[in-house]
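Q: Before I ask anything, here is the structure I am working with.
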2 protein chains.
Amino acid sequence: MPEITVYIAHSVDGYIADRDGSVSWLDPFEGWDFGWDAFYRTIDALVMGATTYRECRRTPEWPYRGKAVIVMTKSGRLDEDGLAVFDDRTAVEIAYDLERAGLGRIWVVGGGGPIRAFLDAGLVRRLRTFQMPVILGAGTPLWTPGRKRWRAEPRAVTVHANGVVECDHTVHAPEGAVDDSPWTRV
Amino acid sequence: MPEITVYIAHSVDGYIADRDGSVSWLDPFEGWDFGWDAFYRTIDALVMGATTYRECRRTPEWPYRGKAVIVMTKSGRLDEDGLAVFDDRTAVEIAYDLERAGLGRIWVVGGGGPIRAFLDAGLVRRLRTFQMPVILGAGTPLWTPGRKRWRAEPRAVTVHANGVVECDHTVHAPEGAVDDSPWTRV
């Protein structure tokens, strides 16, 4: 089965973008070593939602050159320049095809919708969150409501000198639950 | 000025109660030492919302005997047995009166509404959160939208052997902001 990781920064009050949809509140933390390079090297493919994709397109240079990028959207092709594939299918279908293509190490970038879709599908194995030392007050929440309960076992928690609390969790089926991983079904 | 602390458990996905409004999902963590006794001894008064109050009344014994309990509500008196005071005023007014009465060490119990009201009023100095090793999927969110941005500086982060990640943050005005603490105004 694929190795699917959520790796995302959020405020103490659980927001990933501010009330204008911007992620510029993260700028003061740029350049700090959060193990990003090592993580990114291990990744074959990225999956993101349309809002996150549009935010990524605001930078002059496409930041994910050389990686497969899938945008989960029901809106068809948002661009024609081939930097991303626009896909209206479910998390399971996308993950299954990526793995068959040899791209099984997947980073679910965000936002809340795709992350919850992969969680609800039983696909997320690692949850790496970076709690920034900021209470934003309002904005786009990381967590959207879903359907399923999971255990999240901490593997490592790191407090960075700039106040960022990094949590690395392994996601498991709840105690006593039958493993209904899609990989036993497809 | 009063010493106001938020001390609250939440799921990894930021919920404080499950989709039925119940906190029974916390039962497996009962009896573990989270420094509760030491914290509770330092507290003069508790402030909570009406929903939290009603949840507390479901236990056979009133759990906060001997402490002043203020319920923030616009609905008047919810009970007549004198275990709590029902108060329709703002966070600043409540905190000010409690401190004048010599009850300046205040625990804002929850839920999200009162916590955000005290934060927006610039009254919360410590934020002690207990991230349970559970992804609940849906329920009552800890964080409701507010108006103000704050810095949250980690004082201590503890990973308990049962997987709970305890974060103790000090809340400060944002970098460069004027201190508009209500204690310089009242």
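Q: Note the per residue figure in Å³ for the convex hull of the C-alpha positions in the range A:20-92.
A: With only Cα atoms used, the range A:20-92 gives 124 Å³ per residue.
Q: Something else now. Give me a comma-separated list of calculated 3J(HN,Hα) values for the range A:122-136, in order, Karplus coefficients 6.51, -1.76, 1.60 applied at θ = phi - 60°, integers in Hz, x for any Gly or Pro.
A: With coefficients 6.51, -1.76 and 1.60, one gets x, 9, 7, 9, 10, 10, 10, 10, 10, 7, 6, x, 9, 9, 6 Hz.
Q: Sticking with this one: Under 20 Å from the Cα of B:Lys67, which aspartates and glutamates turn up, not counting those fewer than eight places away in the same chain?
A: B:Glu3, B:Asp37, B:Asp44, B:Glu55, B:Asp79, B:Glu80, B:Asp81, B:Asp87, B:Asp88, B:Glu93, B:Asp97, B:Glu99
Q: Related question: Net charge around A:Ser11, counting only other residues with Cβ within less than 10 Å of its Cβ (Lys, Arg = +1; Asp, Glu = -1)?
A: Charge balance near A:Ser11 sits at -1.
Q: Could you pull out every residue, at least 5 positions away or on a different chain, whose amide H is within less than 5 Å of the one on A:Ala17? Hs are placed 1.01 Å off N in the peptide plane, and Pro or chain starts have none.
A: A:Thr140
Q: Quick one: of the DSSP bridges fully inside the protein assembly as shown, what percent are antiparallel, nearest 5?
A: 45
Q: Another question, if that's okay. Which whole-number percentage describes the relative contact order of the range B:3-184, with Cα contacts under 8 Å and a sequence gap of 6 or more?
A: RCO, the range B:3-184: 31 percent.
Q: Heavy-atom accessible area per residue, chain A, 1.4 Å probe: how many Å²?
A: For chain A, the solvent-accessible area averages 48 Å² per residue.
Q: Could you give me the ³J(HN,Hα) list for the range A:163-174, computed from phi with Karplus coefficients 6.51, -1.76, 1.60 and θ = phi - 60°, whole Hz, x at Gly and Pro?
A: x, 6, 9, 9, 10, 10, 10, 9, 9, 10, 5, x
Q: I'd like the carbon and sulfur percentage of the solvent accessible area for chain A, probe radius 1.4 Å, heavy atoms only, ligands and nucleic acids excluded.
A: Carbon and sulfur: 50 percent of the exposed surface of chain A.
Q: Among chain B residues, which Cβ is nearest the axis of the B-onto-A rotation, and at how many Å?
A: Chain B residue with minimal Cβ-axis distance: B:Gly14, 2.
Q: Would you report the distance distribution of C-alpha pairs in the protein assembly as shown as whole percents per 10 angstrom bin, up to the bin with the largest distance?
A: Reading upward from the zero bin: 5, 22, 31, 23, 12, 6, 1.
Q: Counting Lys +1, Arg +1, Asp -1, Glu -1, what net charge surrounds B:Ile94 among other residues with beta carbon under 12 Å of its beta carbon?
A: Its environment carries a net charge of -3.
Q: Just tell me which lysines come within less than 26 Å, Cα to Cα, of B:Lys74; anything on the same chain fewer than 8 places away is out.
A: Within the straight-line limit of under 26 Å, B:Lys74 reaches these lysines: B:Lys148.
Q: Report the dimensions of the range B:3-184 along its three principal axes from the alpha-carbon atoms, largest first, rounded to Å.
A: Rounded to whole Å, the extents work out to 46, 42, 30 Å.
Q: Counting protein heavy atoms only and a 1.4 angstrom probe, how many square angstrom of accessible surface do chains B and A bury in total, to the nearest 100?
A: By this definition, chains B and A bury close to 2500 Å².
Q: Using modelled backbone amide H atoms (1.01 Å from N, in-plane), which distant-in-sequence or interchain residues come within less than 5 Å of B:Val47's amide H?
A: Correct list: B:Ile70, B:Trp107, B:Val108, B:Val109.
Q: Can you give the local net charge around B:Pro174? Use residues other than it whose beta-carbon is closer than 9 angstrom to its beta-carbon, Lys and Arg +1, Asp and Glu -1.
A: +2
Q: Based on the mean of other beta carbon atoms within 10 Å per residue, what is the order of B:99-106, B:144-151, B:59-66, A:48-55, most packed first?
A: Going from most to least packed, we get A:48-55, B:144-151, B:99-106, B:59-66.
Q: Place a +1 charge on the Cβ of each Lys and Arg in the range B:3-184 and a -1 charge on the Cβ of each Asp and Glu, then give the dipole magnitude about the Cα centre in debye, rounded to the nearest 20.
A: So the magnitude is around 280 debye.
The values are calculated or read from the model by the stated rules, or taken from the named source; none is laboratory data. In this text the structure is predicted, and so the values were computed from the model without any measurement. With ideal geometry, Cβ positions are generated from the backbone for all residues, glycine too; neighbour counts draw on all protein chains shown. These area figures cover heavy atoms from the full protein model, side chains too; ligands, DNA and RNA do not enter into them. Shrake-Rupley method; radii C 1.70, N 1.55, O 1.52, S 1.80 Å.
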